[in-house]
Every structure is written in C-alpha cells, then in structure tokens.
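> Dropping the structure in here first, questions after.
What follows is calculated from the coordinates using simple rules that are stated; it is not laboratory data. Just so you know, these numbers come straight off a predicted model, no measurement behind them. Note that we place each Cβ from the backbone using ideal geometry, even for glycine, and neighbour counts take in every protein chain shown.
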Amino acid sequence: MSNKKYWSSLDEMNETPTYLEQASKEFNVDTTAIEENNEVEPSRRDFLKAMGFSVSVAALASACKIPVKNAIPYTFDLRNAVPEIVPGVAEYFATTYCDGSDFANLLVKTREGRPIKIEGNNESPLTLGGTNARMQASVLSLYDVTRLHKPRKNNKDADWKTIDAEITQKLDSISKSGGKIALVTGSLSSVITKKAIDKFSAKYPTTTVVSYDAISQYAVRKANQISLGSPIIPSINFDKADVIVGFNTDFLGTGISNIENAKKYIANRIPTKENPKMSRHHQFQSTMTITGATADYRYPIKPSEEKQALINLLAAVGGSISGTKNLSGKDANEGIAKVAKELLSAKGKSVVISSTNDLQIQLLVNAINGTLGNYGTVIDTANTYNLKTGNDESLATLANDLKAGSYKAIILIGTNPVYNTAYSEIFKNAIKSAELSVSTADRPDESAQYCQYIAPNSHYLESWDIISPKTGFYGFVQPTISPLFDTRQTAESLASWLGDNTPIATVVQNEITSMTGANYQTAVQQGFFGNVTAGSGASANVSASIAGVSADANPAKGMEVLFYEKVAIGDGSLANNPFLQEMPDPVAKVTWDNYVCIPYAFAKEKGIDSMPSDKNVAVAKVTINGKSLELPVVVQFGQAAGTLAIALGYGREKAGKAGDLVGKNVYPFLKSSNGITSYNIDGATIEFISKTYELGLNQTYHTLMEDNNLPGRSMKYRGEIVKETTLADYKKDEHAGNLDRKEIKEKFSHSLYDGYKPNDYKQGHHWGMVVDLNACIGCGSCVVSCSIENNVPVVGKRQVYRSQEMQWMRIDRYYNGNPDNPDVSFQPMMCQHCNNAPCENVCPVNATNHSSEGLNQMAYNRCIGTRYCANNCPYKVRRFNWLDYQGADSFGKFNDGKRSFTDTESQSYMFEDLTRMVLNPDVVTRSRGVIEKCSFCVQRIQEGKLVAKKENRTLKDGDVKTACQTACPTNAITFGDQNNKESVVAKTFENSGRNYYVLEEQHFLSAVGYQVKVRNKDEEPAEFFINKPNA
Amino acid sequence: MASHFESPLREPLINGNKTYKDITNDIVRPTTGKIQPKWLFWTSVSAAVAGLFVFCITWEVCFGIGTWGANKTVGWAWDITNFVWWIGIGHAGTLISAILLLFRQKWRTGVNRAAEAMTIFAVICAGQFPIFHMGRVWDAFFIFPYPNTRGPLWVNFTSPLLWDVFAISTYFTVSLLFWYTGLVPDFATIRDQSKTKGRWNFYNFLSFGWIGTAKHWERWESLSLILAGLSTPLVLSVHTIVSFDFATSIVPGWHTTIMPPYFVAGAIFSGFAMVLTLMLVARHVMDLKDYITLAHIESMNKVMLLTGTMVGIAYLTELFTAWYSGNMYESYAFANRAMGPYWWSYFGMMFCNLVSPQVFWFRKLRRNIGVTFAMSILINIGMWFERFVIIVTSLHRDYLPSSWVYYSPSWVEIGIFVGTIGLFMTLFLMFCRFFPAIAIAEVKSILKVSGNQYRQGQLDELKDQKVYDNVSVDSKNWD
C-alpha cells in the first residue's frame, strides 16, 4: 500500500474546516429541514403524514364506541391461595339433588368457583348417572335474582341476629303459655333437617309437625299400612318385570325417584340381535304421559273407572272379589282380559302399579300384586323410599285446626301451602293472624309474603346435607359455592332458634361420622354412602287389602278432570326457572303454560279441531264445583273420552319474573276424600268461549287434523323419518321395519359425477352419534342439559309462539294410528352433522363448514345471518339469534326488556349479571343475528383430546360424552368416533340391523344413526304414518 | 339512430302531427314551470310512506330480525319475497332498452326512459331486502370478496347468494350507466331551454357539457350499442341467478330445474305490468298521450300475454313434474301449495298470472286503458303471490313434519314492504319532475318514420301508386 495522498480538490488536500464538516456527513445536502423540523415550514409529506395520522386517530376514537367491560384477570398465582382452582379447568363436586320426589346423585361442574352444569354421578348405585330436566335446570335457580338476599322481617330486609332473637323469644313465650306451634314441611328426606325438627319438637313440645306433598302419594303409604303393616313406598324392580301394567302412573316422567326407575325400566326394554327380549308394558290412563307414550299397549280409561278396571283385573287374575262390571271403553275391556292373561303367565315377574292417590285403588293394586306373587321379586318392600313422605290426613287436620284458630305459631319449612294446597285461604288467614309466622322459603312466595319472618333457605348447591332417599342409602350434599346471598339452611335456622349455633358443616360431618359404616371422606368424594342391596321383604296381605275395598257410593258424573304433574314444572316450586318453563311438554309440546287437555273426538264434535293458525288455540271455561277458570285448549290425543286434564304447578303469583302468572293455578280445585287428597274430580263442565289464545307451542299438532288432510293424498308416507317394528318381527329379522334401507343404500349412493370422491373422513376422528328410539322416553332432560351446556338462550313465550325458539336439540313427537289412542314416538333431533351438508355450500361467507373430523361447524364471528343455511337444512335444526337474548349484542342492550315499548318484542331472562354466571365459559355466547346449532359439544371433544394428549394416549371410546348423552336417564344417546372400530358408535353403525339415518335417501350422509323403535306388540302396528289420523 | 324502412301500414308511434320543437317542448315542459300542488301532494305522501320504511328498518336493526314473523322453519318470508318481486319488476327496463333495441322495436322509444328509471328504482328497492334481511347488517361487507388479512378469508363461491351479489350489483351498474347515457343529450336539451343560470349550470353538469356535435352523437351511439350488448345477457342472467337461490337448494318446491326460464319469464311479466301501471298514470297526469300511444300499450299487453302464459305453463309443468317424479316430498310440497293452509296465495297466483292475462287475446281489451290498468295491478299482485308461494309455502312444510309452522308477517315486515313502495314512488315522482320522462332524442329519431303526419303522407303516396290494391289503406284501422 502506497502512502500517496490522492486529492480531488484543494479543500480536500488542505483539509479545511468547511471541508471536514461536509465530509463528515453522509449526504452532501442541507439536512437542517429534516433534523430541525421546528425551524422550517413542514413539507407536503409531513402534512400528509400528520393528516393521515390525525384522521385515523379521530376515526378510531369516534367511530367504534365499544362498551368497556372491566374484568379482573384470573391469572395471578391462585394456586397458593386456592390450590384446587386452576383457571380454565373445571372442578367437579359430588352432591345430591332431592326435592322430596326426584332424587339423583350428581356431579356438579364448577368453573372458577361457580357451578355451571349438573351431571349425573355414574358411580351412584341408585341412579347410575342419569338426570332429569329439573335437575339440569336447577343450576340456574342458584343464580335466581328473585331469591332473597337477606332474611326478612315484615317484608323488610333484616339481619339474622334480630330475627333469630325475636323468633326465639316469641317461640319461648308461645310455648310457655301452651300455645300450639305448627311446623309445616314437605317430604322429609333430609336426615339433617329431620333431626333438627326432632330437636325443635323436643324443646317446644306443643309443636305439631305436618309433612305434606303438593302432589301426594299418601294413599300408597296408607294402603301399605293395611296390606303390609307399615306405611312404606316399596322399590319396584322394573328390570325384573316381564309384564308391567301401569294405571295412571307416570313413573318414567314425574313419579317417585324417576331416574332410578327409568334406568331399571329401560334395562329390559332394548332388544338386541343376540337377545331379542323386552318387557311388555301396558298402560291404562286418562291422559297421555311419557310413560303412556312409551308403553306397548295403552288403553284410555276415565279416572273414575280405574277402580273398576282394577277390580276386573283382580278378578281376572284369580282374586276373590265381586263387583266386576264392564268398562265403558271396548279397548279397555279387551285390554283387561289381555293383561290378565299375560300377568298370569308372568307370575312373580310382573308388576301392577298406580300413582293415583286413592286408598282403594292402591289396595287393589296391592291385592293384584300379592295374588300374582310379585312381592319379593319385582316389588321390593325391604328397600323403601323416604321420598314422598307427606301425610294428607295430617294436612287436612291441620287445616281444620287452623280454621279454628288453635295454632299460635306457624313455621313453614320450605313449603308454600297458600299456593299448593286446596286450603289456600285457611293458611293465608292463619298465617296473618298467628302470633308468630316464619317461612324458610328462598323468596317471598305466596305464603312467605304473609309471614312475619322469612329465614331464607340456601340453594342446595350452597348447602350441606344428608339425604336418605331409601332406607340404608344416603346422598351427600356438599356446597359447590359459598352462599351467594345472606341465606341460611333450614336446619341451621331451626338449630339457631334453639340456641345451637354449630356450623352446619360440622353437624353434617358429625352425623356421618356417627353413622355405622359411613366414612366422611368417602361421602365427600363419592357423594353417597350406604347400600342399595336388593332385598325382598314381605308380601302384601291380599285378603286384608281386598277387605279394605268398598263399593263406590256415588258414581262419577259429568266431565271428569284429572289434575296432573308436568315433567318440567312439577308441583310449581321450580316455576321461576325459565329453562323449565321453556322446555316443551314432552307430549303436548307446549311451553310456558298449562291448558286444558281435551280428547280428540270431543274436539271434533265441538268443531274446535281446526284453528286459524296452529298456535292460536281455542279457550275454554272449565267449571268445577261452581268455580270456573279460563284455559287454552289443547287437543290431547289418547285422552280418554269424557275427561279433561289440567296441569298443576302453574299460576304462580310470587315466584319471580319467569314464573309469575304463567298459566292458571288449579290447586284450589283439589278436594279431599276421606282425608286423602284426590287429583281427579268429576262433575265438571267445559264451555268453549269465542276467544283464541296464543300458545307457546313448540311443535304444531293441528297438522294432524282432518282439515289439513290434503284430499287424495296417500296415507302412507314419510315412513323413513321414524321407523318402528314389533318385537315379533324383530325376532324374525333384525332388519324389521328397516327393510328399505338396503334399497336406499344401493339406489341413492351414486353420484352423477364420475370420479367425484367426497371426503369420507376416514383419517383421524370422525364423530358420530347413535340415538336409540327404543330407549328414548321423551323426558326432555337432554334438551335442558344441552341448553345449559351450550349457553342456549331462553326466549320466552312470545318468541316460542312465533316459532323463534332457540333450543339446539328437540324431541320430535309423532303420532301413529288412531287419534283417539295413538302410538307415540319420540325422536331426539339435533344437527346431523351431514357429510354432504346442504347448509354448508349455501352460506355466502363460509361461516359454516366441515371440520376434518366430520363436524359441521359454525364460525359465529363470520356469520352475517342470511338464514339460507337454516332454510336449506332438511332437519330444521339450525337456530337463528332473532333477538339479543344474553346481552351479547355489539350495539348495547336493546333487548334487555327495560323499555316498555319493546315488551312485545322481547322478554329477557339472561340479562342479569348474576344470572349470566351460569354461562359456560367454554362456549361463547352468540350475538344477535347469527345462526347457531348443535356442535356435538365440540368443547367437550376438544377437552377430551387435550386430556388424552397430556396423558400421551389416543382417545378411548367414552372419553368424550356430549351433554345430551350424559343427561339421558335411559342411555338413549351415545356419542363416539366412527373411525374407532371399538367404539359403540362404529359397531352400531356397522352391525345393528336397527340402524338407519333420517332422510338417508336424500344422501346428506348424516352422522347420527337412529335405532328402529321396537314395540312389544303381538300384532302388526297400524299402518305407519305421521300426522295423519285414520280417516 | 338511423331510420329504416317501416311499413306504412304500421300504426304511427307519435300522434298529433308533432314537430321536433313540439317534442322538445312537450317533454321538457313538466320539468320546468311551477311545481304542481298535485305533484307535491303525491310526493309528500310517497315520502311519508318511505319514512315508514326508514322507521321499520331502524326498528328491525335495533331490536333484531326477531321483530319479524320469520322463524326457525321459515327463515325467509316477506323479505325475500319482496326482493324477488322488486328485482322482477326491474327487468322490464333493461328488456325494453336493450333487447328491444337490438330487435329494432321502434315503439320502445316512447317508454324506454321511464322503464329504465323504474328498473333502477326497483333494483334500489330490491337491494334493501338482501341487505336488511341479514341478522348482522353491520357486517354486510363480509359478502364482498375483498382482500383481507384473515387468511385471506374469501367468500364462498359456491353459494348462490354470492352469485346474487355479483348479478345484482352488475345489473344495477349497467342499468344505471345505460339509463344515464340515454339521458345525456336530453339533459342538454333541457339545459338549452333553461331560463336561469343555476338551472343551466345544473343541467349542463348533468349533460357533461354535451353540445351535440357529430362526434358526440357518434360516440353516444356506439356507447349505447355497447351497453345494450352488455345488458342483453343480463336480462336473462339476473333472474336466472336469483332463481338459483331456490333451484340449487334442497327444499322441496325449490329444487326444480324449471326455475331459471320460469323466473325470467315471470320477471318480464311483472316488469311490464309495473311499467304499464306507471306509464298509464304518467301518460294521464303529464299529458303524454301522443307519445305513449295505444300502440305502445297494445305491444306491451302482447308481451304480458306471452310471458304470463309462459309462467302459467311453468306452473302446470311444476305440478306435472312433482307428480311424475314420484318423490313424496316434492309432490307433497305442490299439493300443499294448492290445498294446504296457504291455498289462497296459490289461488291468487294462478288467477292473477295465468287466468286473467288471457283477456288480452282480444284486441278490444288490449287497447282498453281501464282493462290494461286493472290487469297491470292484478299482475303485480299475482307476481307477489307467486314469490310468496314459492318461498313461504315451500319452507313452511318441508321434510320433517315436526318443524312445520304457519307463518304470518309482523307489522315490521309489512311496514318495510309498504315502505319500499313509498321509496319507489318518491324516486319515480322526483324523476318525473326533474328528468325528461321520455327519451327526447330517441323519439325524435323516429318522428319522420312513425309520426302520424308522415305516416299519413306515406299512405297517401301509396294510395296514389296503387301499390296495395286490395288493402284498404285507411288510417282508421289504427284505432
């Protein structure tokens, strides 16, 4: 390298200061404008930049005003404080539901400390994992804002200390002066409450404890007192019965411990190729219930004829009884003869049951069962129920005494006698005039509103308790959340009035520890303890039973009215639960109302079988004993001639927003015969008045009417939607009732396009579902479970009337045969996840599409709500968010029901912050204007996959269960992977002769396989058709 | 437009011995001068009804589609019924301006301007329904295939609704251009008649500074021809694509291959009916009897007779196919249309669309203003029923009887439909007031051929030449 210095200018050579300064800069230009912006005029570019920025900032700031919702992140290190709670991971607690009639061991799913879903406890030896609709919905009642937030004194908020002191003081003074205290309770199934009451009675010996059930089974206990020597309700092992004969009983839907019974019943009702056997179920009933709908043979009888029918049956099976007489219905007479024959051939393996609250009927039932030797095998008198412990006679006595004014204090333990007894006025006056009146109702209900003090009970999900549904078996109730409000359990309240302030948790723990064979730790883990070992027990004394039967003094006259219990609403105590109000009645498919059911023939005779529109029904004035009420009319197919039926549990006045003034209260019409509450009454008149009523009908039924019978149309059609066969045919051919499937498979599996190969989803998972129509009893548990799991909104009666309901899942009800006594089929219907889905290709924005696992999925955020997919869905399972139901609207809350002028448009049930706590955080709430539908519980699939992945294994069959599946009390629904050859779903699809797909010939390639319904009938069923009566 | 030979026996298309100046004056007159109280009254009424549209749409957007009677089974009801009805009405304009132009039907010149305007207003009304029937109208732009950062996430090109978007936006654009192109020289005519500076400027702007040079006319003619060529396929394609919304679905009663021709015929049918309704009123009110002659009315009635009968044949073919297919759902759908709870709409459709247009077999009735007006109204009603029958009665009872419902509209739906009629009438009345309702330049182009004085002259000439010996060449035949 040379040392020569090259230069290009003199300045450079001389290295002048000016030169050096310039050379130090990269660009030989004046950059002051760039460096010192403030000193020069802004350039054009600067101007544009500034303008662009300010315009976009202004646009951002002003255009999108989205309401800010503050939330506390659940991300700080909770694990030190509450190690059980991992954000985003559900925690399950074993607990127990019992309302005095329903019972189930449960698992309660909690997320971040709040209970959000009820599941059945599969470990339970009694209920084996099922739930019913009421249990599913009960989680929403926890967040019911109508519940009292504080104890009350004279209908004003008070505190526990004050009311405890005052109540104790008053009790003491009343007791000292010898004044009588009435303690009115419902069924006493709770060990803890029972003990608390016993202690209370011990301290205040003037106490009379009266236990009653709004819908009573007292006659069963009383009859068993005569027949068996003790007032018990025995267990019935339906699984061991080959012949089941029901008389006005709804043991599957509303009967005592109905989940347990449904499980047992269905165990002997599913024929398979290897074992084509099922029990035979006959049902004599006045109105149509799900039990009647599930029966193989059904005979409509009037309530007043039930006794005669039983006398005839008893005589026919060899009982020594006189007074047989033909029934009015020909079918029923033939039925008795047929049933008697079958019962005689199944001695010891059959059962006759009735839920009618009539002593003589129950005695006859006992006599028949005793004659047939069913005790010890099917009827287990060793395992008896502690449910339905109410005593009608003591209620009647109490009412008489109250009328006479002989009680100074009335304490209502979770009962509402002003509403749900026929002694409404007596209780009202007695409460008002009592020296002390206390209610433990959780809300100021019809009775509590008149009480001086309300000591609100906690919800069962906030409570500690021990429930004994059956002798020797206990359900453990543990809180899943600390009490939301300042409420206290009844047992705790009773104890504190006695001066005992032991925490209830300790009381429960001590109680369990003191019980033999019980372990507290096990109880907490399992949610139950004790045994349900099958016993046998004594048999009924037939002659004693028969001796108790006497001739009827007055034959029934006029219209007979049956007051019945609905599957969802029950006795009315759950009336403020909108999920239950909106659950359609399984048979009538009516939501949000009670109504008078009339027989089809009667409707035809009166000319009210056709209405201007399906949902505008006639109104009738029903007069019973001089009192009358107006009710909408529903034509109930299968209703016995000359009878009406009206549901109890409606017409609440102080239940809360959802329950108030829904339907009419018919408790005041109940009457007592010989001290036993009777749920049917004769001498009623019905008069149709010129009004129509907008009924929240979920599935129209007027389509069955003759006016809609299109002339000249063939009667036999649409047989491939619901398929059914008889057991006799099934035994001959496992494809019976499903013979067209072979042809469909051959004929309709071709494509016009050669070489076009649709995705068959043979890789990875391919989700599918099996629905067994034979197992489905139509109870609706799955419908409510689905709604709770998937945050499906409740829309209210008005919206249901407009057919804008949102339930993702429904149970279609189809009639078949003679409209006076049809066969009924239930068909759970949800998204079929078609592999050739008609909804997918019509969406203009690709908001619905198919996943690689065969799921038809919805991208809610992409949906613009054209509803084209819903139109093109052949199963009509897509649901549109017609209004904003849950406050998920991006525009703010237009539909919160707070504007009086929008009342006609919306009724909101999910806008309260507290109520919204029930929402499942794994499922988004959908905003107004988007389509939604069954997702096969994709969040559960995802959870199952993640668990399997963490455990480094493949998914096993049964790892993922949908919400409808887990809720089902009869295992009618099974979910699984079609590609897993070991799965129940794959095996059923592959091997079951009963398997078919709805509308298979349309080539939608549905992923839900239905199993042909098998009825255990001797003869061919009437030609199958839907919504078509015999002409 | 180059004139060509036309038989002198043909009826003249311009009555009243008009000169070019008369034509200019007659047609420009309604746009100048004082606003008539009659016009003001009807415009106010229409605007008030259009206000009802705004109110009902606001209500629906604020509270949700749940304010409608549409439901889980009947997802589309009055909304899409109205959409298809309005789109169908819009068809006449393009048919007249494009297809009849190509077929050299000179009689079109009298009615094409108003018909095209009607097309545009009808498409505007129609366009409201697909937009506002969306549950989330604020996300309506998702329907356009715009580049985005979400993947990019494209629209679903297999969805007929997307085809609708393209079909209707194209149709609207081309119709608007065609209409405006025709208006340019006429705006210049109005400008030239203007007495105030403001008016002059306004119409000069609208006419793009048209000065009527030969070059202008040449370019104008070529553009008209190009646009006519472009719109011709659109006449057939738009309603074909609208019919695909139904034809490509699986709903029994929708899924039929007859839909496209049947829809196109129906669209032209209803479009002509609406043109007649409006033209008969305009002819009367604006005193344009010399330009919209009985010859025009008779021609349009003939088209309605043809298309009405085509539609009727389609109705009967559908019934036959439903029966012949042996498909129980299909046959039920059609039996249900005729005999189900919506029998009255089927009856209304059959009577108004198939039976009643048969009166036009009689020349006397074709040329009777009263009968024509009554028929045009009947056909408008009948075509609305047709869409209602197709949409609602197919949907309300499809595959699973468990989901069958009876649909009735809510006040919001009725308000929106009535409101669009108000919107349409407001736009049309504004058009009549501010724009030349008849194409001045085009009418002038046929004056020398079809003006009655020239036609009479030709006839006289022919009489002298004794060309038609046996034919009575008497202009009385025209009436």
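> Can you flag which of A:LYS264/A:LYS307; A:LYS117/A:LYS949; A:LYS222/A:LYS961; A:LYS161/A:LYS388 are past 32 Å Cα-Cα?
Going by Cα-Cα distance, A:LYS222/A:LYS961; A:LYS161/A:LYS388 fall outside the 32 Å limit.
> Which FRET efficiency value, to the nearest 0.05, is calculated for B:PHE351 and A:ASP913 with the Förster distance at 60 angstrom and r the Cβ-Cβ distance?
0.55
> Using alpha carbons only, how many degrees (0 to 90, rounded to 10) separate the axis of helix A:392-404 from the longest principal axis of chain A?
The answer is roughly 90 degrees.
> Could you work out the mean count of beta carbons from other protein chains within 10 Å of each residue's beta carbon in A:991-1004?
1
> Calculate the tail of P(r) for chain B: the fraction of all Cα-Cα distances greater than 37 Å, expressed in %.
More than 37 Å apart: 32 percent of the Cα pairs in chain B.
> Let me ask another. Indicate, rounded to the nearest 5 percent, the antiparallel portion of the DSSP beta bridges found entirely in segment A:218-384.
Expressed as a percentage, antiparallel bridges in segment A:218-384 total about 15.
> Using 27 Å as the Cα-Cα cut-off, could you pick out the over-long pairs in A:LYS606/A:LYS671; A:LYS745/A:LYS1017; A:LYS627/A:LYS654?
A:LYS606/A:LYS671; A:LYS745/A:LYS1017
> Starting with the fewest neighbours, write out B:TRP343, B:TRP361 ranked by other beta-carbon atoms found within 10 Å of each beta-carbon.
B:TRP361, B:TRP343
> For segment A:856-863, what does the Karplus curve 6.51 cos²θ - 1.76 cosθ + 1.60, with θ = phi - 60°, yield as ³J(HN,Hα) per residue in whole Hz, taken in order and with x for Gly and Pro?
Taking θ as phi minus 60°, the curve returns 7, 10, 10, 9, 4, 5, 8, 5 Hz for segment A:856-863.
> First measure r as the distance between the Cβ atoms of B:THR321 and A:GLU605, then evaluate 1/(1 + (r/R0)^6) with R0 = 56 Å and state the FRET efficiency to the nearest 0.05.
The formula returns an efficiency of 0.85 here.
> Membrane-span-like helices in chain B: DSSP H runs reaching 18 Å or more (Cα, own axis), mean Kyte hydropathy at least 0.0?
The qualifying helices are B:37-63, B:112-132, B:160-193, B:214-247, B:259-285, B:294-325, B:369-388, B:411-434.
> Here's a follow-up. Could you list A:THR371, B:THR232 so that the one with the fewest beta carbons within 10 Å of its beta carbon is first and the one with the most is last?
Starting with the residue having the fewest Cβ neighbours, the order is B:THR232, A:THR371.
> Another question about this same structure. Within 10 Å of each residue's Cβ, count the other Cβ atoms and sort A:LEU252, A:LEU648, A:LEU327 from fewest upward.
Going from least to most buried by this count: A:LEU327, A:LEU648, A:LEU252.
> Round to a whole angstrom and tell me the spacing of the C-alpha centers of segment B:392-465 and segment B:209-258.
If we compute the Cα centre of each part, the gap is 16 Å.
> Next up: How about segment B:266-306: which trypsin sites (Lys or Arg not before Pro) there lie in a loop by DSSP and see at most 13 other Cβ atoms within 10 Å?
B:LYS289
> May I pose another question? Where does chain B land at 222 nm, in deg cm²/dmol rounded to the nearest 500, when only DSSP H runs of n ≥ 4 count, each adding -39500 (n - 2.57), divided by all residues?
About -21500 deg cm²/dmol.
> Round to the nearest 0.05 the FRET efficiency obtained for A:ALA50 and B:VAL45 when R0 = 60 Å and r is the Cβ-Cβ distance.
0.75
> Gap in Å between the Cα centre of segment A:549-569 and the Cα centre of segment A:655-703?
14 Å
> Based on DSSP, what percent of beta bridges with both residues in the protein assembly as shown are antiparallel, to the nearest 5?
60 percent
> Looking at segment B:195-229, which trypsin sites (Lys or Arg not before Pro) are in a loop (DSSP not H, G, I, E or B) and have at most 10 other Cβ atoms within 10 Å?
B:LYS195
> Still on this structure, please answer the following. Summarise the partner chain shielding of B:334-347 as one whole number: the mean count of Cβ atoms from other chains within 10 Å of each residue's Cβ.
Averaged over the peptide's residues, the number is 2.
> Let me ask something additional. Please give the Cα centre distance for segment A:732-766 versus segment B:80-99, rounded to the nearest Å.
Centre-to-centre (Cα) distance: 44 Å.
> Taking the dipole about the Cα centre of segment A:556-707, with the C-beta of Lys and Arg at +1 and of Asp and Glu at -1, give me whichever of A:ASN698, A:ASN576, A:VAL590 is farthest to the positive side.
The Cα lying farthest towards the positive end belongs to A:ASN576.
> Take the Cα of A:LYS150, step 7 Å along the line toward its Cβ, and report every residue of segment A:474-512 whose backbone nitrogen sits under 17 Å from that point.
So the set is A:484-488.
> Sticking with this structure for a sec: Give me a comma-separated list of calculated 3J(HN,Hα) values for segment A:183-189, in order, Karplus coefficients 6.51, -1.76, 1.60 applied at θ = phi - 60°, integers in Hz, x for any Gly or Pro.
So the J values, rounded to whole Hz, are 10, 9, 10, x, 4, 9, 9.
> Can you show me the helix-derived [θ] at 222 nm for chain A, built from DSSP H runs with n ≥ 4 at -39,500 (n - 2.57) apiece and divided by the number of residues, rounded to the nearest 500.
-7500 deg cm²/dmol
> While we're looking at this one, here's another question. For helix A:191-203, what angle does its Cα long axis make with the longest principal axis of chain A, in degrees from 0 to 90 and rounded to 10?
The answer is roughly 60 degrees.
> Related question: Rounded to the nearest 10 degrees, what's the angle between the helix A:44-63 long axis and the longest principal axis of chain A, both from Cα atoms, 0 to 90?
10 degrees
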